[in-house]
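Down below is the structure, laid out as structure tokens.
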Amino acid sequence: MSGRFITVEGIEGVGKSTNVRWLAERLRARGIDVLLTREPGGTPLAERLRDVLLHADEAVPPVAELLLMFAARAVHLENQIRPALAAGRWVLCDRFTDATRAYQGGGRGEAGERIEQLADWVHGDLSPTRTLLLDAPVDVALGRTRGRGSEDRFERESRAFFGRVRERYLAIAAREPARVVTVDATAPLAEVQDRLAQIIDELVENEKYNNQ
Ligand code: Z5A
């Protein structure tokens with residue numbers, strides 16, 4: 001499959017949305033055709049599932065949350081991500097399956113084997129080329145977003161929950177250093193973006209070299 005699949009991950013408030021937009025502009029400035037998308041969401045149906053996941057007005061059992069995340073992902077993959085990659089576009093995605101490993105696995109305590117079975121079923125043949133993990137302590141990250149207004153189901157979770165999510169993200173990065181690059185998100189935004197630029201420019205250069 002041609003194209004490049006890059007995901008950006010981290011707990012709430014580390015700067016994912018700010019930086020995926022910036023990365024998309026940087027890639028486009030270099031003449032690369034980019035699909036900028038997010039999870040849960042990215043297609044009309046998957047965005048409806050996102051609304052259910054974030055704003056359900058009754059209890060959502062963890063197993064239902066897990067299955068809905070993968071249902072939204074299956075739609076997103078078939079209707080957006082795979083066609084874009086097949087057309088040679090780069091896909092820049094704000095969260096993907098590492099978020100499920102971290103939130104539903106680390107945060108909610110769903111079994112890792114079950115998550116891997118679902119991942120294998122839904123996208124066993126496809127994994128991100130590179131994952132940029134923006135990392136910051138919970139107090140720093142939540143300090144940037146709390147007080148923004150009405151909170152969704154995840155934003156109402158405790159600091160302990162986000163601590164478990166962060167630990168799981170760091171464990172994934174330790175296990176898969178060739179795919180996951182951890183970036184210190186406590187640094188000023190310009191410094192974070194300098195680091196992201198290095199990583200992304202290297203990928204662009206590799207791509208050019210491979211296509212020669
Ligand atoms: N979820 C899940 O449970 N399982 C899954 O499989 C998936 C998702 C895919 C929605 O995700 C929820 O779905 C999410 C997990 C769950 N809930 N939580 N938590 P989301 O990605 O849409 O939601 P989010 O993480 O809450 O987004 P966010 O709050 O907008 O955070 P962010 O995108 O990382 O941050 P930001 O909006 O770019 O930046 C926040 C503020 O910090 C903003 O004012 C920036 O200007 C500022 N900022 C950014 N960088 C810096 C630096 N370096 N210094 C200072 N200030 C900065």
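The values are calculated or read from the model by the stated rules, or taken from the named source; none is laboratory data. Keep in mind that this is a model prediction, so the values were computed, not measured. Counting neighbours? That spans all protein chains shown, and the Cβs are built from the backbone with ideal geometry, glycine included.
Return the only residue of R30, R82 being modelled with pLDDT under 95 and more than 15 Å from the chain's Cα centre (by Cα). Outline the logic, then answer.
Details: R82 fails: modelled with pLDDT under 95.
So the residue among R30, R82 that is modelled with pLDDT under 95 and more than 15 Å from the chain's Cα centre (by Cα) is R30.
So, V52, is that one hydrophobic (A, V, I, L, M, F, W, C) and away from the ligand (no atom under 13 Å from the Cβ) or not? Full working, then the answer.
On the way: hydrophobic (A, V, I, L, M, F, W, C): yes; away from the ligand (no atom under 13 Å from the Cβ): no.
Considered against the rule, which asks whether it is hydrophobic (A, V, I, L, M, F, W, C) and away from the ligand (no atom under 13 Å from the Cβ), V52 comes out as no.
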*Does V192 fit the bill of being assigned to a strand (DSSP E or B), closer than 17 Å to K16 by Cβ and either among the hydroxyl-bearing types (S, T, Y) or modelled with pLDDT of 95 or more (or both)?*
no
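Just to be sure, is V181 within 12 Å of the ligand (Cβ to nearest atom), under 22 Å from I32 (Cα atoms), surrounded by 13 or more Cβ atoms within 10 Å (Cβ to Cβ) and not acidic (D, E)? Before you say what the answer is, go through the steps one by one.
Values: within 12 Å of the ligand (Cβ to nearest atom): no; under 22 Å from I32 (Cα atoms): yes; surrounded by 13 or more Cβ atoms within 10 Å (Cβ to Cβ): yes; not acidic (D, E): yes.
For V181, the condition - within 12 Å of the ligand (Cβ to nearest atom), under 22 Å from I32 (Cα atoms), surrounded by 13 or more Cβ atoms within 10 Å (Cβ to Cβ) and not acidic (D, E) - is not met.
Rundown of residues vs (1) assigned to a loop (DSSP other than H, G, I, E, B); (2) within 21 Å of A87 (Cα to Cα), yes/no style:
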site	(1), (2)
V8	no, no
I11	yes, no
S17	no, no
A24	no, yes
L45	no, no
R48	no, no
*Determine whether region 130-137 contains at least one residue that is away from the ligand (no atom under 11 Å from the Cβ) and over 15 Å from K16 (Cα atoms).*
no
*In region 1-48, what residues are free of Cβ contacts under 8 Å to residues at least 60 places away in the same chain, surrounded by 22 or more Cβ atoms within 10 Å (Cβ to Cβ) and within 25 Å of R164 (Cβ to Cβ)?*
P40, G41
*What are the pairs, 6+ residues apart or on separate chains, where a residue within region 183-212 that is within 18 Å of G13 (Cβ to Cβ) has its Cβ under 7 Å from a residue that is charged (D, E, K, R) and more than 10 Å from the ligand (Cβ to nearest atom)?*
V183/D135; V183/R195; D184/D135; A185/D135
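Quick grid of which residues meet (1) more than 14 Å from the ligand (Cβ to nearest atom); (2) in a strand (DSSP E or B); (3) closer than 18 Å to E155 by Cβ; (4) of a type outside the set (S, T, Y):
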| position | (1), (2), (3), (4) |
| --- | --- |
| I32 | yes, no, no, yes |
| L66 | no, no, no, yes |
| M69 | no, no, yes, yes |
| V75 | no, no, no, yes |
| D98 | no, no, no, yes |
| G106 | no, no, yes, yes |
| I115 | no, no, no, yes |
| L118 | no, no, no, yes |
_Qualifying residues in region 142-169 (those that are assigned to a helix (DSSP H, G or I) and more than 10 Å from the ligand (Cβ to nearest atom)) - the one surrounded by the most Cβ atoms within 10 Å (Cβ to Cβ)_ = Y169
